[in-house]
Amino acid sequence: MELKVGDRVSLIIGRKSQLGFTVLIDQEFEGMLYKTELYQRLVEGEVRDGYIKKMREDGKIDVTLTPIGFFHANATQEKYLIEKMVANDGFIALTDKSSPDDIKFGVEMSKKSFKKAIGGLYKAKKITIEEGGIRLV
């Protein structure tokens, strides 16, 4: 196999199972996308970009929809939050105190990822944190 952890790949979403979704990686390899890492709806047959998360000893491949590594993932999530704020008049009614479910359905990411992203944006002085949400500067 010429795939390695962190590689960007093309995924075709397959069947849903108790663990998540089976996927076809680069139209050649079978992999698994776990439901615990999903923050958006997927449809069988849909094509998505993904990343190799783990090459398992049993020959199976675990994939994710977010880039591997803190800096790649955080930059992607920060950019996504900025896009969401721009589309929403510069404001999102979520904070680090919001419930995980509100964050998951509001911005399609985990609370942990959301907190890291708003932390990076705040340090870069791109947002202000208000009582009712975050605002683009």
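The values are calculated or read from the model by the stated rules, or taken from the named source; none is laboratory data. Please read these numbers as outputs of a predicted model, since none were measured by experiment. All Cβ positions, even for glycine, are placed from backbone atoms using ideal geometry, and neighbour counts span all protein chains on display.
Screening LYS53, LYS84 for residues that are on the phi < 0 side of the Ramachandran plot and assigned by TED's automatic domain parsing to the domain that holds ILE127 leaves exactly one candidate, LYS84. Pairing residues of segment 35-46 that are within 16 Å of THR64 (Cβ to Cβ) with residues that are in a loop (DSSP other than H, G, I, E, B), at Cβ distances under 7 Å and at least 6 apart in sequence or on separate chains, gives LYS35/LEU19; TYR39/GLU108; TYR39/MET109; TYR39/SER110; GLN40/GLU108. The set of residues in segment 113-137 that are in a loop (DSSP other than H, G, I, E, B) and not small (Gly, Ala, Ser) comprises LYS125, LYS126, GLU131, VAL137.
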